[in-house]
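**Student:** Attaching a single structure in C-alpha cells format; questions to follow.
The values are calculated or read from the model by the stated rules, or taken from the named source; none is laboratory data. This structure is a prediction, so every number in the text was calculated from the model and none was measured. Cβ placement follows ideal geometry from the backbone for every residue including glycine, while neighbour counts extend to all protein chains displayed.
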Amino acid sequence: MTDPLFARYGKEFNVDHVLFREGEPGAVMYIIQTGAVRISKRVGAEEKTLATLGSGEFVGEMAILNNKPRTATAVVVEGPMRCLVIDAATLETMVTKSAEIAVRLIKKLAKRLDSADALVEILMHRDPKARVLLALSRNAEAFGEHRDDGILVRAEASELAAQVGVPDEIAEDVLSRLRRLRIILPVTAGSMLVPDLSRLEDFIDFLDVPTRFNAGV
C-alpha cells in the first residue's frame with residue numbers, strides 16, 4: 001500500500017548526503033522512516049558526534065521551532081534513508097489538527113532535554129570507564145531504536161569516547177568486556193544491540209567501577 005504521508009512529504013537520501021550544516025538557516029525538519037542520520041557539532045577544531053538517529057526520530061525540529069540557525073550538522077549514514085520533510089507551516093498545521101502529533105513532539109523534546117542533562121551529569125563523573133557505561137545507557141535510552149530483540153544503538157567506541165571525553169582505548173576496553181558478558185551484542189560496524197536495557201542499568205548500579213572493573217570483571 002502507498003503511504004499517503006510519504007507520497008506527499010516523502011524524500012529519499014543516499015548515504016553521505018548532508019541534510020543540513022551547523023550555522024545554516026533551517027526551514028524544514030525531517031521525520032526518519034528508515035535509515036539513520038549522524039548528528040555532529042564542531043567543538044574547537046574537532047567534529048564531535050552527538051548522536052546517531054534512526055527510524056521514528058525527528059531531525060532538525062529546533063531550527064523551525066525557534067527560527068534560529070542549525071546548531072549541528074546532519075549527515076545520512078545508513079540508507080537509502082526515507083523520511084518526511086516538513087516545513088514550519090506544515091508542522092504547525094499538523095500540531096493544531098492532531099493532539100497525538102503534538103504530544104509526540106513534546107515527548108521527543110522532553111527526552112532530548114533529559115538527555116542533555118544526563119550528559120552534563122556524566123561528564124562530572126570522575127571515573128572514565130563509568131562515563132563510557134553511562135554514555136552507552138544514555139544513547140540507548142535517548143536515541144536507541146527499539147526492536148523485538150532489544151535496543152539498537154548506533155554508536156562506535158570512538159563516538160562514545162568523544163561524547164564523554166575519554167581516550168578511545170578505554171571505551172574499546174569497556175565495550176569489549178560488555179560483549180564478553182553479552183550485555184551488548186555486535187550487529188554491524190558502528191552499531192550494537194542492547195538485548196536488555198535493565199540488565200545494563202543493573203550492571204552500572206552494581207559495579208564498583210574503580211575496583212571491580214579494573215580487576216577484570
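**Student:** Of all strands (runs of 3 or more DSSP E) completely enclosed by segment 1-120, which ones contain at least 3 residues that are crowded, with 18+ Cβ neighbours inside 10 Å?
**Tutor:** Where strands (runs of 3 or more DSSP E) fall fully within segment 1-120 and carry at least 3 residues being crowded, with 18+ Cβ neighbours inside 10 Å, they are 28-43, 46-53, 73-87.
**Student:** Let me ask something else. Suppose we filter Leu181, Leu197, Leu185, Leu105 for residues that are among the hydrophobic types (A, V, I, L, M, F, W, C), farther than 24 Å from Lys48 by Cβ and touching a Pro at 6+ places or on another chain (Cβ under 8 Å); which single one remains? Let's see the steps before the verdict.
**Tutor:** Details: Leu181 fails: touching a Pro at 6+ places or on another chain (Cβ under 8 Å); Leu197 fails: touching a Pro at 6+ places or on another chain (Cβ under 8 Å); Leu105 fails: touching a Pro at 6+ places or on another chain (Cβ under 8 Å).
When all the criteria are applied, what remains is Leu185.
**Student:** Also: What number of residues in segment 141-198 are among the hydroxyl-bearing types (Ser, Thr, Tyr), touching a residue at least 12 places away in the same chain (Cβ under 8 Å) and surrounded by fewer than 16 Cβ atoms within 10 Å (Cβ to Cβ)? I'd like the intermediate steps shown before the answer.
**Tutor:** Just the residues of segment 141-198 that are among the hydroxyl-bearing types (Ser, Thr, Tyr), to begin with: 158, 176, 188, 191, 198.
Those still in the list that are touching a residue at least 12 places away in the same chain (Cβ under 8 Å) too: 158, 191.
Now drop any that are not surrounded by fewer than 16 Cβ atoms within 10 Å (Cβ to Cβ), which leaves 158.
So the count comes out to 1.
**Student:** Further question on the same structure: If you go through segment 130-145 one residue at a time, do you hit one that is on the phi < 0 side of the Ramachandran plot and part of a strand (DSSP E or B)? Quick ask: steps written out before the conclusion?
**Tutor:** Step one: of segment 130-145, the residues on the phi < 0 side of the Ramachandran plot are 130-145.
Going one step further and asking which of them are part of a strand (DSSP E or B), we end up with 145.
For segment 130-145, residues on the phi < 0 side of the Ramachandran plot and part of a strand (DSSP E or B): present.
**Student:** Among strands (runs of 3 or more DSSP E) lying entirely in segment 148-217, which contain 3 or more residues that are modelled with pLDDT under 90?
**Tutor:** Strands (runs of 3 or more DSSP E) meeting the threshold: 185-188.
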